Amino acid sequence: MKLDVDVLRYLSREDFRVLTAVEMGMRNHEIVPSVLIDRIASLKHGGTYKVLKNLLKHKLLHHDASKYDGFRLTYLGYDFLAIKTMVNRGVFTAVGRQIGVGKESDIFEVSREDGTIMAMKLHRLGRTSFRAVKSKRDYLRHRNNYNWLYLSRLAALKEYAFMKALEEHGFPVPNAVDCNRHCVVMSLVQGYPLVQVKELQNPEVVFETILGLIVRLAEHGLIHCDFNEFNIMIDDDEKVTMIDFPQMVSVSHRNAEMYFDRDVECIYKFFGKRFKMTFEEHDDNVDVSEVDTDESSRPSFSSVNKTAGFLDKELAASGFTRKEQDEIERFIEGDIEDDAGGEGEGTEDNGHESELNQTTIKDLDSLKLEQEKTTSSHNEEDRIEESQQTSNVSQSRESENASDREEESEDVNDAQLVKSLTKQRRRAIAAASRGRKNYASRNSYKDKGGKSSHNSKIQKQLNSW
Ligand code: ADP
Ligand code: MG
């Protein structure tokens, strides 16, 4: 997927305001009614529609008029929101070339002001088969808050939390730098995915190291569940780094043993095939003690001394709750169960060399100009009003709490924008639930096209929340 960050330079504060309004509307709309976007964004003089057109032109939004006039974010639009937040936070200043494409992610190089290169992973859950998955899985059918935005955000949060926790326990993983929406920024691993390595100086040592990691993970209460040659990086000194954590599960998972065995089997199979290592296969009918075999050293789930509680305590502490863990697990589980031996990831990486092609780096310095005070007299008004008004709109949806928490952790400017948009959104919800026919916000769009029946349809839609 092309990520043309040049567009970012030309997006105004109003563009981001409307983009964020669409994101908020998507909490409970697959397609956000244009009227709702306008109410949330509350730009003056019907300005929302001009902005929507611009966002559409840059493919940050998708227009859908099949049921009613509305928009949804595209992945690109979501990418831009996350990238802008990261730039505002000073995490990186430029986005470079794409270095990896996974089943459900895109990985780019990003650089700091001082030239340090890091990796940015943009999660794309449901990119390939979300609709099919959606109809298949019961829990999705009854919960409309499971959309790809939410799932991708959960996957990123999970990956970030696991990477941090694993790093703290001395596992060879990238350094987790920051996380926002569906985006995780981490240190760049020097080296190549094992799948690209044709020869090793010490295949036995690497093999033992990798098996040792599977065992040590289990001792800490975890199973990787996708531990294969695509997710193991190796450098010139044959040092191993493991990546890709959204599908990890606890050793107390009901299928834990199966996942553990599958991870182990994957490594055996790969080393057997690629590095011609031989392992005597264990025959159930033969007494093991009579056979001279390596098989006795093959790790078994039951023999690992497991420590429970790692997931619950440490991951919750790093911002990933048990509930979120359950939700993402239920979604991803189908995939890991469907994958035959973890070989489903048939995507090769785009980049082999680790040097960065500087010419492809897009400097995002200009973005910084936009992080200046977002406070206009308009926002000032909003804040004053807000402090006088207590919201009485009940927000029962659980995922909303997660989003709110994320919003709280945004930097100051984002927080201001989100706060003022949240208020607009609540107003729209309150107005709709009161069933006011002619609710008009201070800046509502003046419909000049005589589409009153269309508007009343949307009003009905708003009322049906
Ligand atoms: P997916 O979940 O989509 O499989 P991965 O996290 O496995 O995504 O990343 C896909 C590819 O991107 C990897 O095989 C690797 O080549 C590259 N990659 C991912 N993270 C890093 C990193 N931190 N440093 C260098 N390359 C990375
Ligand atoms: Mg992977």
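The values are calculated or read from the model by the stated rules, or taken from the named source; none is laboratory data. Remember, it's a predicted structure, so these values are computed and weren't measured experimentally. Ideal geometry is used to build each Cβ from the backbone, glycine not excepted, and the neighbour counts take in all protein chains shown. Ligands, DNA and RNA are stripped out before the accessible areas are found, and what is left, the full protein with its side chains, is counted by its heavy atoms. Shrake-Rupley method; radii C 1.70, N 1.55, O 1.52, S 1.80 Å.
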### Query
K103 fails exactly one of the following numbered conditions: (1) away from ligand 2 (no atom under 16 Å from the Cβ); (2) closer than 24 Å to M233 by Cβ. What is the number of that condition?
(1)
### Message
Cβ contacts < 7 Å: first residue of a type in the set (V, I, T), restricted to the stretch 61-78; second residue open to solvent by 40 Å² or more (accessible area, probe 1.4 Å), any location; separation 6+ or different chain. Result?
### Response
T74/K59; T74/H62
## Note on the structure
Restricted to the stretch 9-28 and to residues being more than 20 Å from the chain's Cα centre (by Cα) and not small (G, A, S), the residue most open to solvent (accessible area, probe 1.4 Å) is Y10
### Message
Whether any residue in the stretch 66-89 is open to solvent by 40 Å² or more (accessible area, probe 1.4 Å), over 18 Å from the mean Cα position of the chain (by Cα) and of a type in the set (D, E) is what I want to check.
### Response
yes
### Message
On the basis of being in contact (Cβ under 8 Å) with a residue 40 or more places away in the chain, in contact with an Asp or Glu (Cβ under 9 Å, 6 or more places away or on another chain) and among the charged types (D, E, K, R), does R39 make the cut?
### Response
no
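Condition test on I117, is it more than 15 Å from the chain's Cα centre (by Cα) and either touching a residue at least 12 places away in the same chain (Cβ under 8 Å) or on the phi < 0 side of the Ramachandran plot (or both)? Lay out the reasoning, then the answer.
Numbers: more than 15 Å from the chain's Cα centre (by Cα): yes; either touching a residue at least 12 places away in the same chain (Cβ under 8 Å) or on the phi < 0 side of the Ramachandran plot (or both): yes.
Yes: the conditions hold for I117.
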### Query
Does any residue of the stretch 213-227 turn out to be open to solvent by 30 Å² or more (accessible area, probe 1.4 Å), in contact with a His (Cβ under 7 Å, 6 or more places away or on another chain) and within 16 Å of ligand 2 (Cβ to nearest atom)?
no
### Task
Could you tell me whether any residue of the stretch 261-282 is surrounded by 15 or more Cβ atoms within 10 Å (Cβ to Cβ), within 14 Å of ligand 2 (Cβ to nearest atom) and either of a type in the set (S, T, N, Q) or within 30 Å of L81 (Cβ to Cβ) (or both)?
no
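Residues checked against (1) surrounded by 16 or more Cβ atoms within 10 Å (Cβ to Cβ); (2) at pLDDT below 95; (3) away from ligand 2 (no atom under 16 Å from the Cβ):
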{"position": "D138", "(1), (2), (3)": "no, yes, yes"}
{"position": "K164", "(1), (2), (3)": "yes, yes, yes"}
{"position": "H169", "(1), (2), (3)": "no, yes, yes"}
{"position": "N175", "(1), (2), (3)": "no, no, yes"}
{"position": "V184", "(1), (2), (3)": "yes, no, no"}
{"position": "L188", "(1), (2), (3)": "yes, no, no"}
{"position": "L194", "(1), (2), (3)": "yes, no, no"}
{"position": "V197", "(1), (2), (3)": "yes, no, no"}
{"position": "N202", "(1), (2), (3)": "no, no, yes"}
### Query
within 16 Å of ligand 2 (Cβ to nearest atom) and open to solvent by 30 Å² or more (accessible area, probe 1.4 Å) - does that describe any residue in the stretch 248-256?
no
